[in-house]
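Please read the structure below before turning to the comments.
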């Protein structure tokens with residue numbers, strides 16, 4: 001499973017943003033959470049998710065806000081599940097805690113960890129198209145973290161104008177419609193979308209989801225409790 005622990009940046013000099021962030025995530029992702037998102041240690045939120053695609057989407061949503069250090073943990077979760085996320089425990093929670101601690105000093109304010117660490121030995125079931133290095137058929141947590149960080153830094157450098165154009169495009173508007181909405185030329189819209197590297201962003205996400213799925217699978221395979 002996937003656990004996200006997010007700690008508010010600069011909480012001593014800022015208002016508590018945890019409640020409104022949880023409300024926003026519930027509004028967007030709702031039923032995707034295994035248990036309701038929780039506010040834990042004051043300005044910290046904790047999320048439990050079953051699938052990699054939603055975990056990445058939630059991570060991107062948190063990072064876009066710019067107010068959170070984000071730790072993503074992969075591993076087992078003890079069952080039966082309690083009534084709340086804050087009462088839940090297991091390797092994924094241990095990993096998320098370690099990750100968010102590192103994230104506070106990371107350039108993109110993000111880190112990833114797994115518990116237990118997967119066996120780096122080649123796995124024929126995951127090796128299709130894995131390359132010729134022979135160092136293992138899947139990327140380890142550090143390598144996947146580096147790739148996700150690259151996407152986060154790309155998005156972090158996107159301008160407000162770029163985000164506006166991308167949001168309208170993802171909402172289904174054509175570039176002509178976006179131009180009319182914003183009162184600019186279609187050429188200007190096209191330039192904003194190119195500068196926002198939207199196509200790179202969209203192309204990278206499915207690949208990152210697959211890497212997270214493979215990493216979780218490898219972690220589960222090495223979990224003695226599994």
Rounded to the nearest 0.05, what FRET efficiency do residue 147 and residue 104 have when you use their Cβ-Cβ distance and R0 = 35 Å? 0.95
Could you check which residue among 29, 110, 93 shows the biggest mean-square fluctuation in a GNM of the chain with a 10 Å Cα cutoff? 29
Using a basic spin-label model with each label point 7 Å from the Cα along Cα→Cβ, how many nm lie between residue 203 and residue 187? 2.5 nm
Could you tell me how many degrees, from 0 to 90 and to the nearest 10, lie between the Cα long axis of helix 141-156 and the main elongation axis, the longest principal axis, of the Cα atoms of the chain? 20 degrees
Relative to the chain, whose Cα atoms define the longest principal axis, helix 186-195 and its Cα axis are tilted in degrees, nearest 10, by 30 degrees
Return the distance in nm (one decimal) between the two label points of a simple spin-label model at residue 23 and residue 163, each offset 7 Å from Cα along Cα→Cβ. 1.9 nm
Computed over the chain: longest principal axis from alpha-carbon atoms vs helix 198-222 long axis, angle to nearest 10 degrees, is 10 degrees
Could you work out how far apart the two model spin labels at residue 14 and residue 210 are, taking each label as a point 7 Å from the Cα in the direction of the beta carbon, and quote it in nm? 3.5 nm
Nearest-0.05 FRET efficiency for residue 41 and residue 83 at R0 = 25 Å, using Cβ-Cβ distance, is 0.85
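Readers should treat all values here as calculations from the given coordinates under stated rules, not as data from a laboratory. Just so it is clear, the model here is predicted, and its values are computed rather than measured. Please note: Cβ atoms are built from the backbone with ideal geometry, for glycine as well, and neighbour counts cover all protein chains shown.
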